[in-house]
Amino acid sequence: MDLLNPLDAIFLAIESREHPMHVGGLQLFEPPEDAGPEYTRELFAAMTAASEVRPRFRRQPRRLLGGFSSLAWSHADTVDMGYHLRRSALPAPGGLDDLLDLTERLHGILLDRHRPLWEARLIEGLADGRFAVYMKMHHALIDGVSAMRLLQRTLTDDPFDTRLTVPWGTPPPVRDDTVEPESPWAHLRRAVPRMLRATGSIAAPLRGVLDGRLTLPMTAPRTLFNTSIGGARRIAVRSWPLERINAVRLTTGATVNDVVLAMSAAALRTYLLERDALPDEPLIAMVPVNIRSAAESDTAEGNMVAACLANLGTHIDDPAERLRVISTSMREAKQVFTQLPKLEAMALSAALMTPLGVSLLPGFEALPRMPFNLVISNVPGPRKPVYMQGARLDANYPLSIPFESQAMNITLATNGDNLDFGLVGCRRTVPDLDRMIDHLENGLAELERATA
């Protein structure tokens, strides 16, 4: 039995039909030139045949004390690959809109807690000859950084390598059946004091709050994104050349992530102005920042991120000044988290995210302030062309989670020379989500003009 860390436990505890807590990804592949009409069928057969499943992909919630299922993991002895991996085809002629329509429906369906918390889908039928892979995993199992690293380990930079590696496909470790397993209660007695010490040790870093370096939760203004949500999803995607973002970065001294946040801030500002709904105070974004060491990149499971709160400067008309405010806010937040041991950083992050659970309580919508307005996450991905059985990865759109009272999420990933954006919103409460794609482009163009 494995206990969940505080962040993972939150993701399991707050899940409901209206609030699925899985992250996903939509990858578009270009088949090799010599691919025949049976290529995707043969690829699916090979994926299905990879039936050895690594421990992470066997995890499912374990019930303790008669009903609590957000405290510990158990591991399934067998995994029904016919359930977890499926094949779909789009109606001909399949276009990107058809692909997104299917993905929206898949992304809005809860994972079955009686099974390991992941599913995958091979999707064919695009008129341009490409195929797609959609995969989702519960956020308690994985964060965006480890998900992207997992994806990269399944791909190769050799277009002629025909070996297939699937995310779930490394053999499980050999267990010594002669050793009697530790009882859940003994494990609990050992682990709980360590978790409590980490949670109780955040008093010192909270000095960052007192001296103004950390943006506080519950200080964000309410917007039309901050309302109750349903479980159905809307998705919008697009890619931008890294060359354009880097040009702004080099001119201003900002980071790539700062420029991405400035693009997002401009898009949010325009979207709200169109609806006469822009608040006088700046929107606040929660920005996950990876705190793994290089040695932990392939071994650490669950979530190991710091939850930085960033001032988006949406009340500022000048795009260059807005970028400066964003850069300062992110730099000061990172300074606080980088001074902490990992357990303390995770405990502080859990404390900053605690209001998300409070947002589920009756009457929360009447409060004038929000924990933060939305999550914007930038996930490192492959920096050169990569392939799966000779099929080139064309696009890699990350798809994350709208939270209660936060009806939209923006996540992006590096893919070769591009940044691939995936926007996920509540289908009912975020109308015209695809308009945000145009606003992101206009926001980048605005930055380019202001910093040229």
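The values are calculated or read from the model by the stated rules, or taken from the named source; none is laboratory data. Computed from a predicted model, the values in this text were never measured in an experiment. All Cβ positions, even for glycine, are placed from backbone atoms using ideal geometry, and neighbour counts span all protein chains on display.
What residue, of Asp420, Asp394, is at pLDDT 95 or above, among the charged types (D, E, K, R), in contact with a Leu (Cβ under 9 Å, 6 or more places away or on another chain) and surrounded by fewer than 22 Cβ atoms within 10 Å (Cβ to Cβ)? Going through Asp420, Asp394 in turn, the sole match is Asp394.
All conditions in (1) of a type outside the set (A, V, I, L, M); (2) at pLDDT below 90; (3) touching a Lys or Arg at 6+ places or on another chain (Cβ under 7 Å) hold for Gly67, with the sole exception of (3).
Here Gly425 meets each of (1) over 15 Å from the mean Cα position of the chain (by Cα); (2) modelled with pLDDT of 95 or more with one exception, condition (1). Please tell me if Phe29 is of a type outside the set (D, E, K, R) and more than 27 Å from Asp98 (Cβ to Cβ). Considered against the rule, which asks whether it is of a type outside the set (D, E, K, R) and more than 27 Å from Asp98 (Cβ to Cβ), Phe29 comes out as no.
Close contacts from region 142-168, counting a first residue that is outside the structural domain of Leu117 (by TED's automatic domain parsing) and over 16 Å from Pro398 (Cα atoms) and a second that is among the β-branched types (Val, Ile, Thr) and in a helix (DSSP H, G or I), with Cβ to Cβ under 6 Å and a gap of 6+ residues or different chains, come to Thr165/Thr154. Inspection of region 367-386 finds no residue satisfying the criterion of being part of a loop (DSSP other than H, G, I, E, B), modelled with pLDDT under 95, at positive phi and polar (S, T, N, Q). Among the residues of region 398-414, the ones that are in contact with a helix residue (DSSP H, G or I) (Cβ under 9 Å, 6 or more places away or on another chain) and in a strand (DSSP E or B) come to 10 in all. Only one entry in Arg113, Arg121 is touching a residue at least 40 places away in the same chain (Cβ under 8 Å) and either of a type in the set (Lys, Arg) or not assigned by TED's automatic domain parsing to the domain that holds Leu28 (or both), namely Arg113.
Of all positions in region 434-449, at least one carries a residue that is in a loop (DSSP other than H, G, I, E, B) and either of a type outside the set (A, V, I, L, M, F, W, C) or buried (at least 23 other Cβ atoms within 10 Å of the Cβ) (or both). Among the residues making up region 313-330, those that are surrounded by fewer than 24 Cβ atoms within 10 Å (Cβ to Cβ) and not in a helix (DSSP H, G or I) are His315, Ile316, Asp317, Asp318.
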